[in-house]
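Colleague: This is the structure I have questions about; it appears just below.
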Amino acid sequence: METQFGLAHVWQQGDFVIKVVAVILLAMSLVSWMVIIIKALDIVKYKKFARDAGDFWHSEDFAAGLEKLGNDSANPFRALALEGREATAHHRNTKAHLHDSLDVSDWVTRSLRNAIDEITSRMQSGLAILASVGSTAPFIGLFGTVWGIYHALISIGASGQATIDRVAGPVGEALIMTALGLAVAIPAVLGYNALVRGNKFVLGKLNSFAHDLHAYFVTGARVSSGSATVLPIKKG
């Protein structure tokens with residue numbers, strides 16, 4: 001005998017509103033998992049970059065340090081190193097500009113901070129989706145439940161039979177929508193919290209690396225005119 005309960009029965013017996021709510025929840029779930037997987041892979045990659053960044057300071061010169069950071073344009077540590085080099089070269093090897101009123105320390109600090117802000121924005125992209133899904137999915141599921149119970153009670157009232165076997169099935173099916181909303185929201189919230197913690201760890205490493213770069217460029221870096229060569233990191 002064909003089952004009278006379950007998701008398939010809810011879909012078959014549900015009206016347009018119930019089906020729209022179910023499709024919305026399914027779409028929100030798919031988007032959430034896509035964001036979680038993509039951003040989690042990014043964090044794993046960034047943590048590897050952070051480990052490689054420790055070898056940067058064991059290089060004989062800046063060029064060798066860049067080689068240890070690799071050639072991946074997505075490496076934020078390499079981007080910071082290049083930004084600091086360009087900022088130092090621009091400040092010391094150009095004609096007079098308004099930024100000359102800032103000393104090289106302030107100029108490098110500003111450049112590195114802008115680079116970190118851009119990296120932070122890129123790392124946090126997509127997290128708003130998870131926050132939105134986590135906060136709205138339970139209410140969307142609840143809306144589907146209320147709508148389903150309303151129509152179930154109307155149907156029961158029209159039939160004139162309010163026995164438990166007549167009430168339990170339709171109301172139970174309607175409550176499935178609330179369960180679906182929670183099933184969508186819980187992974188989104190947990191994924192959001194995990195990604196925020198991962199981003200916080202990476203950003204802490206980036207800030208530490210930027211602080212060391214600032215000290216290096218302000219106290220030891222000398223960019224020769226017409227080239228990007230820098231004197232050795234270890235000064236004799």
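Bear in mind that the values in this text are calculations on the coordinates, not laboratory data. Being a predicted model, the structure only gives us computed values, none of them experimental. Every residue, glycine among them, receives a Cβ derived from its backbone with ideal geometry; neighbour counts consider all protein chains shown.
Colleague: Can you give me the distance in nm between label points at Val171 and Ala215, each placed 7 Å from the Cα along the Cα-to-Cβ direction?
Modeller: 6.8 nm
Colleague: 7 Å from Cα along Cα→Cβ at both Ala74 and Val196: what's the point-to-point distance in nm?
Modeller: Modelled inter-label distance: 2.4 nm.
Colleague: In addition: Could you give the nm distance between label points at Ala27 and Leu41, where each point is 7 Å from its Cα heading toward the beta carbon?
Modeller: With each label placed 7 Å out from Cα toward Cβ, I get 2.4 nm.
Colleague: Multiply the residue separation of His58 and Ala128 by 0.36 nm, subtract the distance between their alpha-carbon atoms, and state the gained length in nm to one decimal.
Modeller: Length difference between fully extended and current span is 21.3 nm.
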